[in-house]
Amino acid sequence: MVEAPAVKHWCRVPIVFAVVVVVASLPRAIGAAGQDAQRPAAPAGGYAAPRTPDGQPDIQGMWNPIGTFYNIQDLEFQARYQNFRDDPSRRGRSLIIDPPDGKIPYQPWALAKSNEVLQHHADPTPQYLDPNARCFMQGVPRHLNNREFEIFQPPGYIVVFNMAHHTYRSIPLNGGPHIPERVKLWMGDSRGRWEGNSLVVDVTNNNDQPWFDVVGSFHSDAMRVTERFVPINADSIEYTAVITDPKVYTRPWTLKLTFTRNKDYGSELYEESCLEGNEKTLELMLTRPGR
């Protein structure tokens, strides 16, 4: 839904700020890119993406996720709870490709906690309410699975703007270190590199607040994510995220999505008017008719 012009103008402020921060850092990034940028060879028989001026495979543009954000372990939840109908074509399907059973490998205590939220997720009691419903940032990888997003590639960087919640990421490609471990962020701290035609992003410094989906699939502040973006043709990107968190899971696990180019937008990404910490959402849920 497109918000009113006055709201949209106000919502653009965080995104403009992000652009200013990135542009202010470009001289250093350009120097690093000029020294280190190489033009990766296309894989044998694979797709060779065009290149940006600093030699990156060009994946810029508007993108849609092909997947579901309601329950990453059971795709039929999306149809049942959002569209109010069953969808047998999604029955038994999961976004998780490893382990093969499509389930998050929780430790026993964590599985019990996740199941409790799953059972009560339709009840808007605060501890069972998806943080996304209160307009908090969605974290990695969920911000790529929930709504449309746009990728920019200024020299030495990957920058991602998300339609929802004013979310953005600035991913440097200069090989620099992560921020101090004690600093924990909703979107984590991202550092990227190109391996041939694949963009690999290491995400650390995550806090424990975002969920992976509506039904409470969760992680701790020890989570680390390794993302891989692989352009497979001019209009598709294959995306995988390996999730590691020794506090919550028995082993690493892998989520897979496909992004398709959105050709319906004009030159500007729509923005969702959602304010972080919006308490009105919870208030309306708790006072809705029939409660």
- Task: Could you please tell me which pairs satisfy a Cβ distance under 6 Å, a separation of 6+ or placement on different chains, a first residue in segment 189-207 that is over 19 Å from N233 (Cβ atoms) and at pLDDT 95 or above, and a second residue that is small (G, A, S) and buried (at least 17 other Cβ atoms within 10 Å of the Cβ)?
- Result: V201/S190; V201/G192; V203/G188; V203/S190; N205/G188; N206/G188
- When segment 239-291 is examined, which residues are found to be out of contact with any Pro (no Cβ under 8 Å at 6 or more places or on another chain), among the aliphatic types (A, V, I, L, M) and either at pLDDT below 65 or open to solvent by 60 Å² or more (accessible area, probe 1.4 Å) (or both)? L275, L284
- Confirm whether D213 is acidic (D, E), open to solvent by less than 20 Å² (accessible area, probe 1.4 Å) and modelled with pLDDT under 95. yes
- Message: Any residue at all in segment 169-183 that's under 20 Å from L257 (Cβ atoms), crowded, with 22+ Cβ neighbours inside 10 Å, touching a residue at least 60 places away in the same chain (Cβ under 8 Å) and hydrophobic (A, V, I, L, M, F, W, C)?
- Response: no
- With (1) surrounded by 19 or more Cβ atoms within 10 Å (Cβ to Cβ); (2) modelled with pLDDT under 90 as the list, and G46 as the residue in question, which single condition is left unmet? (1)
- Note on the structure: A112 fails exactly one of (1) of a type outside the set (V, I, T); (2) open to solvent by less than 50 Å² (accessible area, probe 1.4 Å); (3) at pLDDT 95 or above; (4) not in a loop (DSSP other than H, G, I, E, B), namely (2)
- Which residue pairs have Cβ atoms closer than 6 Å, lie 6 or more positions apart in sequence or on different chains, and pair a first residue in segment 152-166 that is within 17 Å of E227 (Cα to Cα) with a second residue that is of a type in the set (F, W, Y) and modelled with pLDDT of 95 or more? V159/F152
- Does F149 satisfy the criteria of being under 13 Å from the mean Cα position of the chain (by Cα), among the aromatic types (F, W, Y) and more than 19 Å from P53 (Cα to Cα)? yes
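The values are calculated or read from the model by the stated rules, or taken from the named source; none is laboratory data. All values derive from a computational prediction rather than experimental measurement. Note that we place each Cβ from the backbone using ideal geometry, even for glycine, and neighbour counts take in every protein chain shown. Note: accessible area is taken over every heavy atom of the protein model, side chains too, but ligands, DNA and RNA are not part of it. Shrake-Rupley method; radii C 1.70, N 1.55, O 1.52, S 1.80 Å.
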